[in-house]
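*Asks:* Before I ask anything, here is the structure I am working with.
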Amino acid sequence: MRACAGGDSEAFSVLYTALFPRVRATAWGVLRDVAQAEEVAQEVIAEVWSSSGRFCAERGTVAGWVIAIAHRRAVDRARSRTRASRREQQYARLATTPDYDSVVEQVLYRLDADEVRRCLERLTDLQRQALTLVYLDGTTHADGAARLGVPLGTFKTRVRDALERLRRDLLG
């Protein structure tokens with residue numbers, strides 16, 4: 001390491017040959033992506049070359065120092081990638097505009113509902129009663145006829161007539 005710190009490229013070549021595969025493997029173990037691991041390994045080797053003067057033999061081995069740098073760098077890359085992914089997802093959620101204008105949709109819904117109410121008010125009481133039983137209360141035609149005390153055919157005719165009148169009034 002002293003020779004690398006002094007700018008000896010031959011010493012660095014020996015160091016590179018010995019440690020690059022372990023550095024790349026360490027990065028891959030964290031990132032699980034070959035291209036990302038390769039980038040991190042290159043960055044680590046460049047850092048080792050530029051900061052080889054900071055190595056302290058009393059604190060550990062050269063391999064331990066280099067692998068520790070590789071692990072920290074890979075973890076930083078993984079965290080950065082996760083944060084970037086979250087930012088992109090959040091941006092996508094915020095930037096997505098609905099394909100429709102919800103305010104316009106609500107206004108149209110209310111206008112349609114008001115028109116239906118007006119048309120229902122134009123029905124006879126018997127027709128409105130029959131429709132209410134079938135479509136709002138969910139009763140069958142037979143049960144509706146029984147509740148109103150009218151023959152089944154009469155009840156069905158009231159429902160049919162009410163629907164025809166609503167159709168005419170709503171569709172013009």
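*Asks:* Mind telling me which of the residues GLU121, GLU115 ends up being in contact with a helix residue (DSSP H, G or I) (Cβ under 9 Å, 6 or more places away or on another chain), in contact (Cβ under 8 Å) with a residue 40 or more places away in the chain and loosely packed, with under 14 Cβ neighbours inside 10 Å?
*Replies:* Numbers: GLU121 fails: in contact (Cβ under 8 Å) with a residue 40 or more places away in the chain.
Checking each option against the conditions leaves just GLU115.
*Asks:* Checking ARG54 against (1) over 20 Å from ARG2 (Cα atoms); (2) open to solvent by 40 Å² or more (accessible area, probe 1.4 Å), only one condition comes out false. Which one?
*Replies:* (1)
*Asks:* Could you look through the stretch 57-107, keep only residues that are loosely packed, with under 10 Cβ neighbours inside 10 Å and acidic (Asp, Glu), and pick out the one that is farthest from ALA41 (Cα to Cα)?
*Replies:* ASP99
*Asks:* Go through the stretch 1-29 and give me each residue that's in a helix (DSSP H, G or I) and open to solvent by less than 50 Å² (accessible area, probe 1.4 Å).
*Replies:* Passing the criteria: ALA3, CYS4, ALA11, PHE12, LEU15, LEU19, PHE20, VAL23, THR26, ALA27, GLY29.
*Asks:* Still on this model: Quick one: would you say GLU43 is at pLDDT 95 or above, more than 18 Å from TRP65 (Cβ to Cβ), under 42 Å from the mean Cα position of the chain (by Cα) and acidic (Asp, Glu)? Explain how you work it out, then say what you get.
*Replies:* Numbers: at pLDDT 95 or above: yes; more than 18 Å from TRP65 (Cβ to Cβ): no; under 42 Å from the mean Cα position of the chain (by Cα): yes; acidic (Asp, Glu): yes.
For GLU43, the condition - at pLDDT 95 or above, more than 18 Å from TRP65 (Cβ to Cβ), under 42 Å from the mean Cα position of the chain (by Cα) and acidic (Asp, Glu) - is not met.
*Asks:* With a cut-off of at least 3 residues that are over 46 Å from the mean Cα position of the chain (by Cα) and of a type in the set (Lys, Arg), name the helices (runs of 4 or more DSSP H) lying wholly within the stretch 100-172. Before the answer, list the steps.
*Replies:* On the way: elements: 102-122, 125-131, 141-148, 152-171.
Here the list reads 152-171.
*Asks:* Just give me the residues in the stretch 8-40 being among the hydrophobic types (A, V, I, L, M, F, W, C) and within 37 Å of the chain's Cα centre (by Cα), in sequence order.
*Replies:* Result: VAL23, ALA25, ALA27, TRP28, VAL30, LEU31, VAL34, ALA35, ALA37, VAL40.
*Asks:* Looking at the stretch 67-99 only, could you name the residues that are touching a residue at least 24 places away in the same chain (Cβ under 8 Å) and under 29 Å from the mean Cα position of the chain (by Cα)?
*Replies:* Within the stretch 67-99, ARG73, ALA74, VAL75, ARG77, ALA78, ARG81 qualify.
*Asks:* Sticking with this structure for a sec: Among the numbered criteria (1) in contact with a Phe, Trp or Tyr (Cβ under 8 Å, 6 or more places away or on another chain); (2) in contact (Cβ under 8 Å) with a residue 24 or more places away in the chain, which single criterion is violated by LEU148?
*Replies:* Among (1) in contact with a Phe, Trp or Tyr (Cβ under 8 Å, 6 or more places away or on another chain); (2) in contact (Cβ under 8 Å) with a residue 24 or more places away in the chain, LEU148 violates only (2).
The values are calculated or read from the model by the stated rules, or taken from the named source; none is laboratory data. Values in this document were obtained by computation on a predicted structure and should not be read as measured data. Here Cβ is always computed from backbone atoms with ideal geometry, including for glycine, and neighbour counts include all displayed protein chains. Each accessible area value is taken on the protein alone, full model and side chains, heavy atoms only, with ligands, DNA and RNA left out. Shrake-Rupley method; radii C 1.70, N 1.55, O 1.52, S 1.80 Å.
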